[in-house]
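Peer 1: One structure follows; several queries about it will come next.
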Amino acid sequence: MNEQNLMAFAKDLDDIKASTLAKVGQTDADYIRRVVRRQRYFEWSGRLLLVAGFWTPWLWAIGVILLALAKIIDNMEIGHNVMHGQYDWMNDKQLNSKTYEWDIACDGQSWNRVHNFEHHTYTNIIGKDRDFGYGLLRLSNDFRWRVKNLWQFVTYLLLSVLFQWGVSYHELAAERVFMGKKKANRDGKVSHEELKRRFFSKGARQLVKDYVLFPLLAGPAWLWVLGGNLVANLLRNLWTSTIIFCGHFTEAVQTFKEADCVNESQGQWYFRQALGSSNLQGKHWFHVLTGHLSCQIEHHLFPDMPSSRYQEVAPQVQAVFAKYDVPYNTGPFWRQYGSVLKRILRYSLP
Amino acid sequence: MIDTMTKWFLHHQQLAGYLEPIMQRFKPAWRAGFYRAEVACIEPINEKYLELWLAPESTWPIHKAGQHLELTVEMNGQLRTRVFTIASSPEQYRASGLVRLIIRTHELGRFTPHLTTYLASESWCNISAPQGTFLFPQRKMGATLMVAGGSGITPFLAMLSQHLGETCHPVKLIYIARAGEHLAEKELNTLAARYAHFSYFPIGRTDFEPLTHYLNDLDAPVVYCCGPQALMEQVATQSRAANLSYFDEPFGLATQINLAERTEHAVKVAHHQYAVDNQRSLLDQLEQQRVSVRRGCGMGICHQCQCVKKQGLVRDMRTGELSDAGESLIQLCVVQAVTDVEITL
């Protein structure tokens with residue numbers, strides 16, 4: 001696109017943003033509080049039913065699913081979006097990006113810093129956005145092929161199973177904190193000591209909660225509760241990992257060089273976000289469970305727009321993309337996920 | 001113990017915060033860190049003022065006459081907070097369970113003109129505990145001279161109603177307002193008729209004489225003043241010149257804003273003040289003065305430089321929108337100061 005088109009493209013997207021944000025109000029506040037309430041109901045009923053495993057495994061199984069749903073909603077629709085500042089306009093202390101903490105091993109404030117800043121400002125810029133491949137997977141030719149890439153599909157499966165720990169370790173930039181690796185173009189705003197402290201304290205609390213405290217409270221049913229928490233955490237890990245991979249690593253998603261973001265105009269920035277993200281189609285409940293990362297394109301264009309509006313703006317954004325001939329990467333879940341798996345396999349070979 | 005457990009395992013600062021959305025289903029406006037109050041009555045006094053009677057929940061600590069509170073109302077999904085002086089006495093609260101606020105409605109404001117929309121009778125809102133040290137002296141004392149300007153009459157209404165019966169020293173109230181805009185005249189006249197030691201002088205805006213003019217029958221009074229900034233400065237200076245004790249209660253008034261013109265403002269951060277202008281972003285200017293601020297993208301995306309503005313007006317450079325005068329969250333990289341501003345980093 002030439003500079004003139006980019007400006008018009010940016011203007012159209014800015015207009016969508018402005019007209020949507022002007023509508024944000026009571027319905028959005030009611031929406032997020034409703035989601036929080038459901039999260040609580042799922043969590044409480046799930047934890048109670050785990051104890052009933054003592055009586056019949058069927059109730060235990062339902063409990064596991066409810067608890068997994070509670071964790072997914074907490075991490076995705078509430079945690080991720082609140083910590084983006086999407087609901088800060090409400091002035092509600094419980095839904096504030098600077099104080100929100102979530103039910104996951106990764107410390108919320110560490111994540112807030114790395115994700116919102118590094119990943120959203122420098123989306124898919126190799127060398128700046130560490131989320132591209134998480135330092136584990138080779139997902140484009142920008143990286144030299146190494147022998148370990150041969151079995152990166154197994155690495156990917158392991159990452160998915162342990163995703164909350166992967167995210168926690170990764171967002172901490174742990175290879176630097178623990179191994180002392182340095183990178184020239186980054187300045188640490190938080191000391192390594194502080195990062196380590198947060199990593200261990202949050203991680204430990206999560207372990208104590210799910211594998212000591214709640215099993216103890218369950219008395220003789222402790223093993224059911226411990227097992228239930230383990231499975232619920234696993235289900236949550238698999239779900240979040242899968243959804244997040246679908247948002248950035250489908251085959252058509254493009255990568256960029258560091259030079260691309262020097263003196264970038266708003267139009268270029270939008271354009272880069274557009275080419276670096278992919279969407280998933282589905283019903284309303286599906287969008288909610290993905291934390292609206294199913295609308296990854298919209299989320300990357302307008303990261304602090306309330307998630308309650310992404311489904312509404314998606315068709316408008318798609319129309320603007322069509323007008324300027326910008327590819328709008330979307331599809332049903334299985335197609336997009338298949339495309340992700342293909343990409344992981346493709347780049348495991350030189 | 002409960003708070004620590006809540007923090008560690010439920011990821012909220014307080015248990016009440018974790019339970020809040022559920023509790024709100026049963027008790028409207030139930031909010032961690034706030035008191036609830038039910039609206040007993042809200043009605044306009046005249047074109048500019050309205051009267052709001054609130055019934056605070058029973059745990060609310062009773063105020064002292066002259067104190068104010070923060071009123072928080074959810075308006076279109078957003079919690080907005082403003083400070084108002086309580087215009088009724090603790091005695092009245094004990095008798096009726098109600099407190100009165102007299103609120104000046106600013107036509108272009110984002111709070112007061114919408115109050116009648118969002119607060120109907122029997123609806124709920126939030127209030128803070130009473131605050132403030134603008135109090136009538138409790139101990140034995142001499143004469144008192146009160147100077148009120150416009151809506152600055154409110155703390156005096158509470159003080160007079162509470163304390164006139166307890167003192168026999170002279171109390172004189174000079175109440176400056178536009179003709180026909182004096183509030184609670186009936187109430188004040190009744191008090192003046194009932195208590196011989198209380199005298200009340202409603203005067204027009206241009207009729208205010210030098211302070212000494214009102215001192216003739218008072219023996220070294222304590223001077224109290226509440227009203228517009230200019231009035232308080234004038235009364236303070238004259239009190240000091242006459243060697244009198246002086247107390248005042250400042251309250252914010254909307255300032256005239258001209259964005260085209262370059263203006264300078266003070267930004268208060270903790271105990272420091274920094275000079276900024278209204279042309280560049282607060283982030284740039286604070287960084288330039290070596291204030292330790294966390295910078296992120298610098299374009300309003302990542303919220304790393306977000307902080308709490310306690311008071312003052314800022315303008316969003318992207319939309320041109322002016323902020324609330326009260327407490328709100330701002331992103332330093334995309335706002336400019338329009339008035340003096342206080343922030344916490």
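The values are calculated or read from the model by the stated rules, or taken from the named source; none is laboratory data. Keep in mind that this is a model prediction, so the values were computed, not measured. All Cβ positions, even for glycine, are placed from backbone atoms using ideal geometry, and neighbour counts span all protein chains on display.
Peer 1: Suppose we filter B:Phe111, B:Phe84 for residues that are closer than 16 Å to B:Cys125 by Cα, in contact with a helix residue (DSSP H, G or I) (Cβ under 8 Å, 6 or more places away or on another chain) and at pLDDT below 95; which single one remains?
Peer 2: B:Phe84
Peer 1: Same structure, new question: Please name all residue pairs, on different chains or six or more residues apart, with Cβ atoms under 7 Å, provided the first residue is in the range A:203-232 and is within 18 Å of A:Gln164 (Cα to Cα) and the second residue is of a type in the set (Ser, Thr, Tyr).
Peer 2: Partner pairs satisfying both residue conditions: A:Gly203/A:Ser168; A:Leu226/A:Tyr211; A:Asn229/A:Tyr211.
Results for (1) closer than 20 Å to A:Ala70 by Cβ; (2) without any contact (Cβ under 8 Å) to a residue 60 or more places away in the chain; (3) not aromatic (Phe, Trp, Tyr), shown as yes or no for each residue.
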{"position": "B:Lys7", "(1), (2), (3)": "yes, yes, yes"}
{"position": "B:Arg25", "(1), (2), (3)": "yes, yes, yes"}
{"position": "B:Phe34", "(1), (2), (3)": "no, no, no"}
{"position": "B:Pro44", "(1), (2), (3)": "no, no, yes"}
{"position": "B:Tyr49", "(1), (2), (3)": "no, no, no"}
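Peer 1: It is to be established whether one or more residues within the range A:209-227 are closer than 30 Å to A:Phe333 by Cα and either assigned to a helix (DSSP H, G or I) or touching a strand residue (DSSP E or B) at 6+ places or on another chain (Cβ under 8 Å) (or both).
Peer 2: Of the residues in the range A:209-227, the ones closer than 30 Å to A:Phe333 by Cα are A:227.
Next cut, either assigned to a helix (DSSP H, G or I) or touching a strand residue (DSSP E or B) at 6+ places or on another chain (Cβ under 8 Å) (or both) only: A:227.
Checking the range A:209-227: at least one residue is closer than 30 Å to A:Phe333 by Cα and either assigned to a helix (DSSP H, G or I) or touching a strand residue (DSSP E or B) at 6+ places or on another chain (Cβ under 8 Å) (or both).
Peer 1: For the range B:294-345, which positions are among the acidic types (Asp, Glu) and touching a residue at least 24 places away in the same chain (Cβ under 8 Å)?
Peer 2: Of all residues in the range B:294-345, those among the acidic types (Asp, Glu) come to B:316, B:321, B:324, B:327, B:340, B:342.
Scanning the range B:294-345 gives B:Asp324, B:Glu327, B:Asp340, B:Glu342.
Peer 1: Go through the range A:28-78 residue by residue and tally those that are within 12 Å of another protein chain (Cβ to nearest Cβ), touching a Gly at 6+ places or on another chain (Cβ under 8 Å) and among the charged types (D, E, K, R).
Peer 2: 3
Peer 1: Would you confirm, using the coordinates I've provided, whether A:Val24 is out of contact with any helix residue (DSSP H, G or I) (no Cβ under 6 Å at 6 or more places or on another chain), under 29 Å from A:Ile297 (Cβ atoms), crowded, with 17+ Cβ neighbours inside 10 Å and facing chain B (nearest Cβ under 9 Å)? Give the derivation first.
Peer 2: Working: out of contact with any helix residue (DSSP H, G or I) (no Cβ under 6 Å at 6 or more places or on another chain): yes; under 29 Å from A:Ile297 (Cβ atoms): yes; crowded, with 17+ Cβ neighbours inside 10 Å: yes; facing chain B (nearest Cβ under 9 Å): yes.
When the stated conditions are applied, A:Val24 passes them.
Peer 1: Ok, one more. Considering each residue of the range B:305-322, count those that are at negative phi, out of contact with any helix residue (DSSP H, G or I) (no Cβ under 8 Å at 6 or more places or on another chain), of a type outside the set (Lys, Arg) and surrounded by fewer than 20 Cβ atoms within 10 Å (Cβ to Cβ), and give that number. Walk me through it before giving the result.
Peer 2: Of all residues in the range B:305-322, those at negative phi come to B:305-311, B:313-319, B:321-322.
Keeping just the survivors that are out of contact with any helix residue (DSSP H, G or I) (no Cβ under 8 Å at 6 or more places or on another chain) gives B:308-311, B:313, B:315, B:321-322.
Next cut, of a type outside the set (Lys, Arg) only: B:308, B:311, B:313, B:321-322.
Still in the running and surrounded by fewer than 20 Cβ atoms within 10 Å (Cβ to Cβ): B:308, B:311, B:321-322.
The qualifying residues number 4.
Peer 1: Within the range B:323-339, track down each residue that is more than 14 Å from every other protein chain (Cβ to nearest Cβ) and assigned to a loop (DSSP other than H, G, I, E, B). Working first, answer last.
Peer 2: Going through the range B:323-339, the residues more than 14 Å from every other protein chain (Cβ to nearest Cβ) turn out to be B:336-339.
Scanning the range B:323-339 gives B:Val338, B:Thr339.
Peer 1: Moving on to the next point. I'd like to know if the range B:101-116 contains one or more residues that are among the hydroxyl-bearing types (Ser, Thr, Tyr) and exposed (fewer than 14 other Cβ atoms within 10 Å of the Cβ).
Peer 2: No.
Peer 1: Within the group B:Val267, B:Val276, which residue is in a strand (DSSP E or B), in contact with a helix residue (DSSP H, G or I) (Cβ under 6 Å, 6 or more places away or on another chain) and away from chain A (no Cβ under 11 Å)? Before you say what the answer is, go through the steps one by one.
Peer 2: Numbers: B:Val267 fails: in contact with a helix residue (DSSP H, G or I) (Cβ under 6 Å, 6 or more places away or on another chain).
B:Val276 is the lone residue from the list that is in a strand (DSSP E or B), in contact with a helix residue (DSSP H, G or I) (Cβ under 6 Å, 6 or more places away or on another chain) and away from chain A (no Cβ under 11 Å).
Peer 1: Here is a further query. Go through B:Pro28, B:Pro21 for me and flag whichever is within 14 Å of chain A (Cβ to nearest Cβ) and either surrounded by fewer than 16 Cβ atoms within 10 Å (Cβ to Cβ) or of a type in the set (Phe, Trp, Tyr) (or both).
Peer 2: Matching residue, one of B:Pro28, B:Pro21: B:Pro28.
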